[in-house]
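*Asks:* This structure is in structure tokens; I'll ask about it shortly.
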Amino acid sequence: VMSKVALTVNGQSRELDVDTRTTLLDALRENLHLTGTKKGCDQGQCGACTVIVDGRRINSCLSLAVMHNGAQVTTIEGLGTPDKLHPMQAAFVKHDGYQCGYCTPGQICSAVSVLDEIRKGIPSHVTGDLTQAPLLSAAEIRERMSGNICRCGAYSNILDAITEVAG
Ligand code: FES
């Protein structure tokens, strides 16, 4: 069954005609050609497909596009441009927070959301609410980023990048 979905993607109004079974990930990549968002596992395990929907990060492979009618979606393409990187993108470049780069868009969308979660006082589910701490501990960042897998193992550099922006 086809359905119309209206989304605001990176500040632009977009209308899509999608099969109701289409994931948000496939809608972004296939219908809107926003291929910055990556498909790793397509089953909620790796975080490569992380995008920000109405201010919260989600795995876009686990969510149907039709569930998001009227939503504001931010993808890696909406965070910065090659000339004007988002501070988190700049920090990943500075600290070599990637090797092959495949997980990087998801890592960066997640990291941007983590800082927002802290600002809004949203507790992490394992370490509890550490928002009283003036700076994020490494453990807190690691826990909040644990849904984003990097198969190259660039974790320490990713942590350095996020720590710099968080500080
Ligand atoms: Fe969505 Fe792996 S592609 S979590």
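The values are calculated or read from the model by the stated rules, or taken from the named source; none is laboratory data. Values in this document were obtained by computation on a predicted structure and should not be read as measured data. Because the Cβ atoms are built from the backbone with ideal geometry, glycine has one as well, and the counts that use them run over all protein chains shown.
*Asks:* So which pairs qualify, if the first residue must be in region 24-44 and in contact (Cβ under 8 Å) with a residue 60 or more places away in the chain, the second must be buried (at least 16 other Cβ atoms within 10 Å of the Cβ) and among the β-branched types (Val, Ile, Thr), the Cβ gap must be under 8 Å, and the two must be at least 6 apart or on different chains?
*Replies:* Gly36/Thr75; Gly36/Ile76; Thr37/Thr50; Thr37/Val51; Thr37/Thr75; Thr37/Ile76; Gly40/Ile149
*Asks:* Name the single residue, out of those in region 138-162 being over 21 Å from Asp116 (Cβ atoms) and in contact with an Asp or Glu (Cβ under 8 Å, 6 or more places away or on another chain), that is farthest from the ligand (Cβ to nearest atom).
*Replies:* Asn157
*Asks:* Output yes when any residue across region 76-95 is more than 15 Å from the ligand (Cβ to nearest atom), on the phi > 0 side of the Ramachandran plot and either not in a helix (DSSP H, G or I) or not β-branched (Val, Ile, Thr) (or both), and no when none is.
*Replies:* From region 76-95, those more than 15 Å from the ligand (Cβ to nearest atom) are 77-95; that's our starting set.
The next check asks that each one be on the phi > 0 side of the Ramachandran plot; those that pass are none.
No.
*Asks:* Hey, another quick one. I'm trying to understand the selection: among the residues of region 32-48, which are surrounded by fewer than 17 Cβ atoms within 10 Å (Cβ to Cβ) and more than 6 Å from the ligand (Cβ to nearest atom)?
*Replies:* Within region 32-48, His33, Thr35, Gln43 meet the criteria.
*Asks:* Same structure, new question: Pick from region 49-62 the residues that are in a loop (DSSP other than H, G, I, E, B) and more than 7 Å from the ligand (Cβ to nearest atom): which of them is modelled with the highest pLDDT? Before the answer, list the steps.
*Replies:* Step one: of region 49-62, the residues in a loop (DSSP other than H, G, I, E, B) are 49, 54-55.
Remaining after also requiring more than 7 Å from the ligand (Cβ to nearest atom): 54-55.
Numbers: Asp54: 96, Gly55: 92.
Checked region 49-62; the qualifying residue modelled with the highest pLDDT is Asp54.
The rows are residues; the columns are (1) of a type outside the set (Ser, Thr, Tyr); (2) closer than 28 Å to Ala139 by Cα; (3) in a loop (DSSP other than H, G, I, E, B).
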| position | (1), (2), (3) |
| --- | --- |
| Asp26 | yes, no, no |
| Gly47 | yes, yes, yes |
| Gly101 | yes, yes, yes |
| Gly106 | yes, yes, no |
| Ala111 | yes, yes, no |
| Arg119 | yes, yes, no |
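*Asks:* Can I ask one more? Can you pull out every residue in region 1-27 that is more than 19 Å from Ser113 (Cα to Cα) and hydrophobic (A, V, I, L, M, F, W, C)?
*Replies:* Here is the first cut: in region 1-27, the residues more than 19 Å from Ser113 (Cα to Cα) are 1-7, 12-23, 26-27.
If the condition is that a residue be more than 19 Å from Ser113 (Cα to Cα) and hydrophobic (A, V, I, L, M, F, W, C), then Val1, Met2, Val5, Ala6, Leu7, Leu16, Val18, Ala27 are the ones that fit.
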